[in-house]
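J.: This is the structure, below, for whatever I ask next.
Where a number appears in this text, it was derived from the coordinates with a stated rule and is not lab data. For clarity, every value in this text was computed on a predicted model and none was experimentally measured. Because the Cβ atoms are built from the backbone with ideal geometry, glycine has one as well, and the counts that use them run over all protein chains shown.
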Amino acid sequence: MGGLAPFKVCDKCGFEWKTIEEFVLDTNLRVNGYQAKLSEADEGLCILTHECPSCLTSLSVTIGSLSELYHGKRHPELMFMSSECEGHCFKDDDLEGCSVACSMQWAREVLQYLRNHKLPDR
């Protein structure tokens, strides 16, 4: 008679985030980096620190596991290294959003919700 599995469990302290919303809104999570996977945007990794005094461990989630936060259009074409590319996907510690109509744009928008602990307007 178990309930639904939590969205994420901290490997070190066992803290459970039951929903995506709880995870995104938790100010004890700090985004340290984003490892883009250009061939499959959903598989990009968000690297975080669980900043509770008794924990302080690193954890990761795929950006695809947060995809329900995105309600816009997904662009099919990868613009990485094109003349329009803003270069954000070059560096793991670049957490900024992107304005280029690229297959990676949605992932960078979702990253903003996570790093700012805000949910999208519905």
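J.: To the nearest 20 debye, what charge dipole does the range 1-48 have about its Cα centre, counting +1 at the Cβ of each Lys and Arg and -1 at the Cβ of each Asp and Glu? Please report the intermediate quantities before stating the final value.
T.: On the way: 5 positive and 8 negative charges, 34 e Å.
Rounded to the nearest 20 debye, it is 160 debye.
J.: Now, a different point. Angle between the Cα long axis of helix 105-116 and the longest principal axis of the chain, 0 to 90 degrees, nearest 10?
T.: Orientation of helix 105-116: about 40 degrees from the principal axis.
J.: Compute the FRET efficiency between Met81 and Asp121 as 1/(1 + (r/R0)^6), taking r as their Cβ-Cβ distance and R0 = 30 Å, and round to the nearest 0.05.
T.: 0.40
J.: With each run of n ≥ 4 DSSP H residues scored as -39500 (n - 2.57), what mean residue ellipticity at 222 nm is computed for the chain after dividing by its residue count and rounding to the nearest 500 deg cm²/dmol?
T.: So the helix-based figure for the chain works out to -4000 deg cm²/dmol.
J.: Then there is this: Could you list Lys91, Lys37 so that the one with the fewest beta carbons within 10 Å of its beta carbon is first and the one with the most is last?
T.: Fewest to most other Cβ atoms nearby, the residues stand as Lys91, Lys37.
J.: Just tell me the longest site-free run in the chain, where the sites are GluC sites (Glu not before Pro) in a DSSP loop having at most 14 other beta-carbon atoms within 10 Å.
T.: 1-39
J.: Hey, another quick one. Starting from 0.36 nm per residue, how many nanometres of slack lie between Cys13 and Leu25 once their C-alpha separation is accounted for? Don't jump to the answer; show the numbers that get you there.
T.: Numbers: separation 12, 0.36 × 12 = 4.32 nm, distance 1.86 nm.
Between Cys13 and Leu25, full extension yields 2.5 nm more.
J.: Same structure, new question: Take every Cα pair under 8 Å in the chain that's 6+ residues apart, average their separations, divide by the length, and report that relative contact order as a whole percent.
T.: 23 percent
J.: Return the lysines within reach of Lys12: Cα separation strictly under 29 angstrom, same-chain partners fewer than 8 residues apart disregarded; answer none if there are no such residues.
T.: Lys37, Lys91, Lys118
J.: So, one more: Could you list Asp93, Asp11 so that the one with the fewest beta carbons within 10 Å of its beta carbon is first and the one with the most is last?
T.: In order of increasing Cβ crowding within 10 Å: Asp93, Asp11.
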